[in-house]
Amino acid sequence: MKEETKLIHNILSDPLTGSISTPIYQTSTYVQESPGIHKGFDYTRTNNPTRKILENLITHLENGYASLAFSSGLAAVDAVVKLLQYKDEILAIDDIYGGTFRLLNLYKKLGIITHFIDTTCSENILSMITPKIKMIWLETPTNPTLKISDIKYISNKSKKLNSNIIIVVDNTFSSPAIQNPLNLGADIVIHSATKYLAGHSDVLAGLITVKNADLYEKLKYIQNSTGGVLSPIDCWLTIRGCQTLYLRIKKQSYNAFKIASFLEKEKIKNTCIDQVYYPGLYNHKNHFIAKKQQRYFGGIVSFSLKRDTIEEAKKVVIATKLFKLAESLGGTKSLICHPATMTHKSTPIKIRKKAGINNSLIRLSLGIENIEDLIKDLKNSLNLL
């Protein structure tokens, strides 16, 4: 089956009633025949039928061994970091999502050190691998400068240098509709399902998919011990959202390419635009790697201004009418965001600027509106500068 068909038909009808819609099992506990003898469910923190359907769905979409659903993307990130021990080290992309940066920094107190480097040059990673490096953390594309890392090359080469390394890919910006990191050699895939998977800006959710039983059992133990599970209603909303994933991704990627092309033309005309970041543009540093490992180039576009000030960026982000000023991304409505004062505010300014997150950088999350309306809205806002 093709991917779109597989997605829809891996959401099975309810065997008990024939319901075409997944039931919401809004229960905390389950009746047992005798102590320890039950129908596979004893307590909802450990397992829930609605959550199991969502976990099975994302496992099929990512071609993995098994999955786990968490109460947020950061809860999923936290569970993965808990696989490590005192004095273990991580190599991570330098312009990593601000929330992940903040969490990894917290673990310094527990002796887990993260080195933030530019992973778009694979040799940067390979040159830093030592026995202490136990995890490589990739976002590709990254948030917010849309850097692309070669998942297959990095996975293959790093495991030859250290077979115990765990390759983690945050696939939030792509979703399984665009790329499948496990197919490219990764061990763990993370999603903030709040974004493209749920897709309607009405859910907070995180998902982890792993490639083998050992990682699943370790992460399942961590999840059950710490309790950051996704509620049945939020599982149901995510399942519902996933059903239109391919339709939305195609439209959002189309809109993003058109917006990126518009901004690039404005840059060439020597207007206020300084840099445009979108992996679908031929002048993107790793355009051909993105083309090799992605089906589409995604729904996010970022750009910076010639006058690199927070004040100049704010003029743009508060002036748009259709692009709504808000954090998050991946929903049906187009959003505009200023990373330096919003999503990456907690990242120290030196690290932020070194990673390319300038004061004037603006991030766009394209929705499913008419592209002509979106271009007009953005153009009107830029004309104020």
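Read-outs throughout are calculated quantities, based only on the coordinates presented, and are distinct from any laboratory measurement. Small disclaimer: the values here were computed from a predicted structure and weren't measured. Here the Cβ positions follow ideal geometry from the backbone for every residue, glycine too, while neighbour counts run over all protein chains shown.
In the structure displayed, which of 324/353; 82/218; 265/306 lie more than 19 Å apart, Cα to Cα? If you can, show how the numbers build up before the last one.
Working: 324/353 25 Å; 82/218 9 Å; 265/306 15 Å.
Over 19 Å Cα-Cα: 324/353.
Considering only Cα-Cα distances, which of the following residue pairs are longer than 20 Å: 152/292; 147/285; 354/379; 333/379; 321/345; 291/354?
Distance filter (> 20 Å) returns 354/379; 321/345; 291/354.
Of the residues 110, 247, 184, which exhibits the maximal mean-square fluctuation in a Gaussian network model of the chain defined by a 10 Å Cα contact cut-off?
Maximum among the listed residues: 110.
Explain nothing, just the number: dipole magnitude of the chain about its Cα centre with +1 on each Lys and Arg Cβ and -1 on each Asp and Glu Cβ, in debye rounded to the nearest 20.
820
For a quick protection proxy, order the peptides 192-199, 205-212 by their average other-Cβ count within 10 Å, most packed first.
Most protected by this proxy first, the peptides run 192-199, 205-212.
For a quick check: sort 174, 381, 71, 334 by the number of other beta carbons within 10 angstrom, fewest at the front.
Least to most surrounded, the residues fall as 71, 381, 334, 174.
Kindly provide the Kirkwood hydrodynamic radius of region 245-382 in Å, to one decimal, from all pairs of distinct alpha carbon atoms.
15.1
From Cα pairs below 8 angstrom and at least 6 apart in sequence, can you work out the relative contact order of the chain, rounded to a whole percent?
So the answer I get is 17 percent.
Going Cα to Cα from residue 251, which aspartates and glutamates come in below 12 Å? Please leave out same-chain ones fewer than 8 positions away.
369
So what are the ³J(HN,Hα) numbers for region 306-316, from phi and the Karplus equation (6.51, -1.76, 1.60; θ = phi - 60°), rounded to whole Hz, Gly and Pro as x?
Listing the rounded values in order: 5, 8, 7, 10, 4, 4, 5, 5, 4, 4, 6 Hz.
What's the center-to-center distance, using Cα atoms, between region 325-376 and region 87-102 in Å?
Computed from Cα coordinates, the inter-centre distance equals 20 Å.
On a C-alpha basis, how far is the centre of region 105-125 from the centre of region 174-228 in Å? Whole number, if you could?
21
Sorted from fewest to most neighbouring beta carbons within 10 Å, what does the list 278, 30 look like?
30, 278
Can you give me the relative contact order of region 1-126 as a percent, contacts being Cα pairs under 8 Å and 6 or more apart?
15
Based only on other Cβ atoms within 10 Å, what is the fewest-to-most ordering of 93, 351?
The fewest-first ordering by Cβ neighbours comes to 351, 93.
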